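Worksheet: the structure to be examined is printed underneath.
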Amino acid sequence: LVSPSSEVNLPPGSCASAELHYQNLAENILYRQRMDNFENLVRLENQNGTPRSNGAVYQIPIVVHLIESGDARTNVSDLEIQTAIAGLNEVMRKTPGIAFNNTGVDMEVEFALAVRDPHGNCTNGITRHNLSGSSAYVNMGVNFNGTTTGLDLNAMYNMARWNPTQYYNIYLVNYIGGPTG
């Protein structure tokens, strides 16, 4: 497993997922143990030549939470989200003719926008939360490491998260850690 580093510097405009991952590795023992267990399982399967699956393709239901700020950064259409997920699935399935076709393997995993919400109602798997009235969020985005005055990360999760044991939650926000974070 790659060791976390306090010197993970992401280029401006990058997604902060990697930084959050390394922060969790460094600070959250349970998260680190789960990642180590997963890495060990994959390593063991590769050494033993264990087949990855029986050919079944696993579908993971996802929900995309768009945390809107009232400007172009969060003005994302349903079609743009659906297109991004289709592209992700092409990479995960190693679809012939895509840019990454020469490397990797078919992961036999696909992401699908949820069709039922946690209450059993029909959904398109995309939620929109208008925070354009929150100057903290509009100006500073999401505060995930205590260095900005933006929307608290846990407050965002509590506002939007669906049960993470049933859905993979994805959040689209205007900034993480401020406009230069």
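The values are calculated or read from the model by the stated rules, or taken from the named source; none is laboratory data. Computed from a prediction, not measured in an experiment: that's the story for all the values here. Here the Cβ is made from the backbone with ideal geometry for all residues, glycine too, and neighbour counts use every protein chain on show. With ligands, DNA and RNA removed, areas are computed over all heavy atoms of the protein, side chains included. Shrake-Rupley method; radii C 1.70, N 1.55, O 1.52, S 1.80 Å.
Which whole-number percentage describes the relative contact order of the range 54-154, with Cα contacts under 8 Å and a sequence gap of 6 or more? Each step should come with its number before you reach the end.
Numbers: 139 pairs, mean separation 31.8, N = 101.
Averaging sequence separation for qualifying contacts and normalising by length gives 31 percent for the range 54-154.
Please grab the % of Cα pairs in the range 68-121 that end up more than 14 Å from each other. Let's see the in-between values first.
Details: 935 of 1431 pairs.
Here the tail beyond 14 Å accounts for 65 percent of pairs.
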*Set Lys and Arg Cβ to +1 and Asp and Glu Cβ to -1, take the dipole of the range 86-181 about its Cα centre, and tell me which of Ala112, Met92, Asn145 lies farthest positive.*
Asn145
*At most 11 other Cβ within 10 Å, DSSP loop - chymotrypsin sites (Phe, Trp or Tyr not before Pro), the range 100-181*: Phe100
*Dipole magnitude of the range 94-181, debye to nearest 20 (Cβ charges: Lys/Arg +1, Asp/Glu -1, about Cα centre)*: 180
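Let me check I've understood the local charge: for Ala160, count other residues with C-beta under 14 angstrom from its C-beta, Lys and Arg +1, Asp and Glu -1. What total comes out? Before the final figure, lay out each step's value.
Details: positive: Arg128, Arg161; negative: Glu68, Asp117, Asp152.
Its environment carries a net charge of -1.
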*asked:* Leaving ligands and nucleic acids out of the surface, order Asp78, Asp152 by accessible area at 1.4 Å, largest first.
replied: Asp152, Asp78
*With label points built 7 Å along Cα→Cβ from the Cα atoms of Asp106 and Met159, find their separation and express it in nm.*
4.2
